[in-house]
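Following: one structure in structure tokens, then a few remarks.
Derivation of every value follows stated rules applied to the coordinates shown; laboratory data play no part. Bear in mind the structure is a predicted one, so any value in this text is a computation, not a measurement.
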Amino acid sequence: MDIAHFSGREILQIAIQIEKNGIEFYTAAGKAAKSDKVKDLFSFLVDEEKKHIGTFEGMMKALTDERLSGKYDPYLEEEAMYIKALSDSRVFTKPGGGKRLSSSAQAAEDVLRVAMDMEKDSILFYYEMLKATKEQDKHAVEDVISEEKKHFVKLQTLYKEFTSQEQGIE
């Protein structure tokens, strides 16, 4: 793996790991939440992350990888550990973060605001990864960014719904 030039497959592996981190984060936060409304919101966010994993796995199947020629590659396990470490160091990563979030964010609006911030961090991370991606695979990163933007818009719409309900505007 060329650290300075990621393949589309490597970017999608990072994206999948970040979504898995999100599932762990939202699951922990949901278990610690006191309000049913906030628990339901965390459950929704877990489902969204699972959908993203499915989307990214589908995108990965559509990519070809010149390394998958049937030959044994001793660096694949090392590469997988590197990708996990890289994605773990970026988004949804603070130990106990889900529990802390739920204890400090009991209102659905607070949860959504934090989730939107994490999505923005994700989008910025992928824009940076785009610069370090092989030219022929940049479309994969652009597709990931597009998915993350859709997720952000969905969260923003939910945020507006919750804040208008809280203010009695419907």
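Just a few scattered comments:
- Per-residue 3J(HN,Hα) values for region 146-158, derived from phi via the Karplus relation 6.51 cos²θ - 1.76 cosθ + 1.60 with θ = phi - 60°, read 4, 4, 5, 5, 4, 5, 4, 4, 4, 5, 5, 5, 4 Hz in sequence order (x marks Gly and Pro).
- Long-range HN-HN contacts of PHE6 with modeled amide H, under 5 Å: THR133, LYS134
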